[in-house]
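The values are calculated or read from the model by the stated rules, or taken from the named source; none is laboratory data. Remember, it's a predicted structure, so these values are computed and weren't measured experimentally. As a convention, Cβ positions derive from the backbone with ideal geometry for all residues, glycine included, and neighbour counts pool all protein chains shown. The area values use the complete protein model at the heavy-atom level, side chains included, leaving out ligands, DNA and RNA. Shrake-Rupley method; radii C 1.70, N 1.55, O 1.52, S 1.80 Å.
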Amino acid sequence: MELKDFIENFAAQFDDTDASEIKAETIFKELDEWSSLIALSVIAMVDEEYDITIKGDDIRNTSTVEDLFNAVKAKA
């Protein structure tokens, strides 16, 4: 699992946010487009791409895209 690929997959969940705006240090909850629906999309993406189950708490307890990546990686 690579951070670069995770960021690309994460960015793909957004329709209106340019992927170039999303970096490892991006505080994803501060993105204008962030919503509970996108959170569900991220949970589904992690399950589909990495075969890892994360919960809302995992998202709530992280701030940056890299934090979330590390939480997912820890479950691998």
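Some points to look at:
- Helix-only [θ]222 nm of the chain, DSSP H runs n ≥ 4, -39500 (n - 2.57) each, per residue, nearest 500: -15500 deg cm²/dmol
- Apportionment of accessible area to carbon and sulfur, the chain, percent (1.4 Å): 44
- In the context of the full set of protein chains, residues of the stretch 3-76 present 61 Å² of accessible surface per residue (probe radius 1.4 Å, heavy atoms only).
- Dipole moment magnitude, nearest 20 debye, the chain about Cα centre, only Lys, Arg, Asp, Glu C-beta charged: 380
- Shape summary of the chain, radius of gyration then Dmax from alpha carbon positions: 11.0, 30 Å.
- Length gained when the stretch residue 31-residue 5 is fully extended (0.36 nm per residue, less Cα-Cα span): 7.4 nm
- Helices that extend 18 Å or more along their long axis by alpha-carbon positions and average at least -1.0 on the Kyte-Doolittle scale are, among the DSSP H runs of the chain, 36-50.
- Separation in nanometres of the label points that stand 7 Å from Cα toward Cβ, at residue 12 and residue 70: 2.5
- The residue list 12, 43, 62 was ranked by how far each Cα lies along the charge dipole of the chain toward its positive end, using unit charges on Cβ atoms, and 62 comes out on top.
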